[in-house]
Amino acid sequence: MAQIGSYGDIVFQVSDKSVLTPSKLRQKVSGQWGKHKPIMRKPRPEFGGADARGITFTIILDATLGIRPRKTLERIEEMIEEGFVDYMVIGNKTMGNNRFAITAMTEEWDVIYNGGELAKATLDITLEEYT
């Protein structure tokens, strides 16, 4: 098994039994900037410190790749609704210095079998730095 990374108990990995990998992973790092508006002069920027980082990525939950889509989807929903926070790890290194909370997820149910069995879903996940 080749472990790519993890967030909490969600492990991103590739093996002969299962594949769960993040794609389109993006991180936003920004600063807080304000402007002073002196009379009859151009505004002056002022740095107010670092802003909270944000991470977005997509994962595909595919039963044909050894993943249980419904179980994994329900676990992520639970993490969101309980306010779970943990480090986002890619390649044995944390992204940023702090933990992250899942603030949003959109889910697309791509393949549903007879009886409502979810066979494939695509999730877009948004994390925000928790300080």
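Please determine, in degrees from 0 to 90 and to the nearest 10, the orientation of helix 69-82 with respect to the longest principal axis defined by the Cα atoms of the chain, where the helix direction is its Cα long axis.
Roughly 30 degrees between the two axes.
Using θ = phi - 60° and the Karplus form 6.51 cos²θ - 1.76 cosθ + 1.60, what ³J(HN,Hα) does each residue of the range 120-131 get, whole Hz, x for Gly and Pro?
Rounded to whole hertz, the list is 7, 9, 10, 10, 10, 10, 10, 10, 10, 4, 10, 10.
Want the number for Ala50 to Lys24: 0.36 nm per residue separation, take away the alpha-carbon distance, what's left?
Gain in length upon complete extension: 7.0 nm.
Just to confirm a number: summing +1 for Lys and Arg and -1 for Asp and Glu over residues other than Ile55 whose beta-carbon lies under 14 angstrom from that of Ile55, what do you get?
+1
Once you keep just the Cα pairs under 8 angstrom separated by 6 or more residues, what percentage relative contact order results for the range 4-131?
Dividing the mean separation by the residue count of the range 4-131 yields 26 percent.
Using modelled backbone amide H atoms (1.01 Å from N, in-plane), which distant-in-sequence or interchain residues come within less than 5 Å of Phe12's amide H?
So Phe12 has HN proximity to Ile4, Gly5, Ser6, Tyr7.
Of Gln27, Ile60, Met88, which is farthest along the charge dipole of the chain in the positive direction, counting Lys and Arg as +1 and Asp and Glu as -1 at C-beta?
Highest projection toward the positive end goes to Gln27.
Apply the Karplus parameterisation 6.51 cos²θ - 1.76 cosθ + 1.60, with θ equal to phi minus 60°, to every residue of the range 42-56 and state each ³J(HN,Hα) to the nearest whole Hz, in sequence, with x for glycine and proline.
5, x, 10, x, 9, 7, x, x, 6, 8, 5, 6, x, 10, 10
To the nearest 20 debye, what is the magnitude of the charge dipole of the range 46-122 about its Cα centre, counting +1 on the Cβ of each Lys and Arg and -1 on the Cβ of each Asp and Glu?
Approximately 360 debye in magnitude.
If I compute solvent accessible area with a 1.4 Å probe over the protein chains, what percent of it on the chain is carbon and sulfur?
Carbon and sulfur together cover 49 percent of it.
Just the accessible area per residue of the range 1-91, please: how many Å² with a 1.4 Å probe?
Using a 1.4 Å probe on heavy atoms only, each residue of the range 1-91 averages 67 Å².
Over the range 1-55, what is the relative contact order in percent, taking alpha-carbon pairs closer than 8 angstrom and at least six residues apart?
Relative contact order here is 26 percent.
Work out which trypsin sites (Lys or Arg not before Pro) in the chain are exposed loop sites (DSSP not H, G, I, E or B, at most 14 other Cβ within 10 Å) and give the longest gap free of them.
Longest stretch, sites excluded: 42-131.
What residue among Asp86, Asp16, Asp51 shows peak mean-square fluctuation when the chain is described by a Gaussian network model with Cα springs under 10 Å?
Of the options given, Asp16 has the highest mean-square fluctuation.
The values are calculated or read from the model by the stated rules, or taken from the named source; none is laboratory data. No experiment lies behind these values; they were computed from the predicted model shown. Cβ: placed from backbone, ideal geometry, glycine included. Neighbour counts: every protein chain shown. These area figures cover heavy atoms from the full protein model, side chains too; ligands, DNA and RNA do not enter into them. Shrake-Rupley method; radii C 1.70, N 1.55, O 1.52, S 1.80 Å.
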